[in-house]
Amino acid sequence: VHWGSFWADPWNYFDVIAVGASVLALAREGLPGLGIFRVLRLFRVIRLFHQLTSMRVILNAFILSVRPMLSAFVIVLLVTCLYAVLAVEFFAERQPHLLRVIDVPT
């Protein structure tokens, strides 16, 4: 491995810019606009997902599970809202101090 092979990978350019800007931001705290480079350092984690096959498998499984989990969350939310409406209807007259009924003019 020689010095030229380091610059062959575009991710290394990104690493040098992100780390250099972060070091500069630490050295000079008053410089505006360098805070965004601290956020960009998070994208360096994406590099790990491209390099490690096992991490890529985990990431793909996570991405594929988001949609079914979101569907399950929506179903649970709808059932919870349904029971909340039923509870207000059944118990509004018995405990008006807990469940205040708002009269809507028609």
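The values are calculated or read from the model by the stated rules, or taken from the named source; none is laboratory data. If you're wondering where the values come from, they're calculated on a predicted model, not measured in any experiment. Just the protein is used for accessible areas: all its heavy atoms, side chains included, with ligands, DNA and RNA removed. Shrake-Rupley method; radii C 1.70, N 1.55, O 1.52, S 1.80 Å.
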Quiz item: Would you pick out the residues in the range 38-92 that are open to solvent by 70 Å² or more (accessible area, probe 1.4 Å) and of a type in the set (D, E, K, R)?
Solution: Arg38, Arg41, Arg44, Arg56, Arg67, Glu89
Exercise. Among the residues of the range 1-37, write down those that are part of a helix (DSSP H, G or I), closer than 30 Å to Leu59 by Cα and open to solvent by less than 70 Å² (accessible area, probe 1.4 Å).
Key: Ser5, Asn12, Phe14, Asp15, Val16, Ala18, Val19, Gly20, Ala21, Ser22, Gly35, Phe37
